[in-house]
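The values are calculated or read from the model by the stated rules, or taken from the named source; none is laboratory data. Since the model is a prediction, treat every value here as computed from it, not as a measurement. Note that we place each Cβ from the backbone using ideal geometry, even for glycine, and neighbour counts take in every protein chain shown.
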Amino acid sequence: MLTDLLLVTNQGLVQVGEITKRKVIDYKLNKRCPREDIVKVKLPPKVISDCYVDISELEKRRFGEILAHFTRVIERNFISLDLDYFYNNIKTLDIKKFRESMVNQNILGEYGVDTNEIILYTNCKDTIYHELFHMASSCYRRDIYFSGFSQDLVGQGLNEGYTEFLTRRYFGNEMKARVSYEDEVSLASFIEKVVGRAKMESFYLKANLKGLLKEMRSYLTQDEVVTLVSNMDKLRHLYISDEKDFSANLYLEYLRESYLLIFQAFVRKMVKEYQETWLSPRTMDRRVREFLPNDVIEVDIWGTIYQVASMDDFIEIFKSEFAKIEIYFDEREVKK
């Protein structure tokens with residue numbers, strides 16, 4: 001039958017016999033992560049919170065010492081206006097720990113947004129702070145899951161990456177385990193360099209993915225923003241997929257495109273600042289080196305190291321974007 005010979009892909013109808021593994025996987029990922037869902041994200045709901053939690057009461061609960069420590073760190077580093085979800089959730093949070101024999105090798109812990117419940121599958125200190133950040137940035141309203149930088153299935157790669165990035169920033173000395181989405185952590189850290197730390201953290205704690213997307217639209221087109229978020233979701237799904245559904249070439253393609261889009265956003269931000277206020281070559285060089293301290297970005301895929309992007313890619317974008325305002329910088333000057 002004709003339907004047995006054809007498959008609908010982004011390129012139209014393709015004969016099954018001609019479909020490569022890459023096209024099949026790409027088709028599955030696009031179906032699982034519809035691009036149109038990204039542009040439909042909503043503003044998160046507001047919650048009424050008294051912005052107070054009794055530390056002494058927290059200490060009496062299961063994992064009380066950890067809950068109290070997390071609360072002290074959060075209150076010391078973030079303003080109360082960004083902590084409504086945290087205060088709203090911490091008071092009724094339930095934490096359960098399964099026996100070691102029930103450990104899922106791919107999942108160290110989970111936070112249920114709708115139940116306000118953390119389930120731990122392993123050594124609690126290796127994952128509980130990560131799950132507590134999910135708790136501090138989540139809300140469930142009208143069957144929609146708002147959690148950090150994700151809404152339902154949209155933005156999960158970015159959300160997991162930035163959640164882990166924050167966990168390491170504030171609790172890194174107390175963690176030993178490393179997660180399976182290191183690349184999403186790296187990408188999220190670069191996005192923060194574009195958006196700014198205070199603004200990025202505030203968007204996250206308020207579960208304001210829409211606000212972050214709007215901020216990124218200051219430097220990227222809507223299609224570029226959608227591609228970046230979509231790629232990070234696909235990276236996450238690819239890495240945890242079955243071996244038959246994994247393509248190293250496709251993974252590297254998504255990853256490289258994501259880095260180049262973030263590079264582009266950063267350079268466009270500098271172009272905008274240059275047009276508003278003079279930036280000396282020395283200032284630009286410092287900004288570039290702060291953004292990209294190493295000349296090469298590499299990725300480890302199951303023991304094999306691949307180069308994903310480099311300073312040369314950045315310089316090409318730099319020269320291209322600044323050429324649009326008729327300014328030329330010598331490549332040696334940028335590389336100093």
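The C-beta contact set for the range 48-76 (first residue on the phi > 0 side of the Ramachandran plot, second residue buried (at least 17 other Cβ atoms within 10 Å of the Cβ), distance under 6 angstrom, 6+ apart or interchain) comprises Cys51/Tyr87; Phe63/Ile95. Of all residues in the range 244-259, at least one satisfies being polar (S, T, N, Q), in contact (Cβ under 8 Å) with a residue 60 or more places away in the chain, under 16 Å from Gln156 (Cβ atoms) and assigned to a helix (DSSP H, G or I). In the range 55-74, the condition of being in contact with a Phe, Trp or Tyr (Cβ under 7 Å, 6 or more places away or on another chain), surrounded by 13 or more Cβ atoms within 10 Å (Cβ to Cβ) and hydroxyl-bearing (Ser, Thr, Tyr) is met by no residue. Look at (1) among the small types (Gly, Ala, Ser); (2) surrounded by fewer than 19 Cβ atoms within 10 Å (Cβ to Cβ); (3) in the same structural domain as His134 (by TED's automatic domain parsing) and you find that Gly303 fails only one, number (3).
Looking across the range 270-294 at every residue that is charged (D, E, K, R) and loosely packed, with under 11 Cβ neighbours inside 10 Å, the one that is farthest from Glu316 (Cα to Cα) is identified as Glu276.
Determine whether Val229 is crowded, with 22+ Cβ neighbours inside 10 Å and free of Cβ contacts under 8 Å to residues at least 60 places away in the same chain. Walk me through it before giving the result.
On the way: crowded, with 22+ Cβ neighbours inside 10 Å: yes; free of Cβ contacts under 8 Å to residues at least 60 places away in the same chain: no.
Judged against the criteria, Val229 is not a match.
Looking at Lys176, Lys125, Lys96, just one residue is closer than 26 Å to Glu59 by Cβ, part of a helix (DSSP H, G or I) and either modelled with pLDDT under 95 or more than 17 Å from the chain's Cα centre (by Cα) (or both), and that residue is Lys125. Only one of Arg236, Arg197 is outside the structural domain of Asp300 (by TED's automatic domain parsing), of a type in the set (Lys, Arg) and farther than 21 Å from Asp37 by Cβ. Can you tell me which? One residue alone meets the criteria, Arg197.
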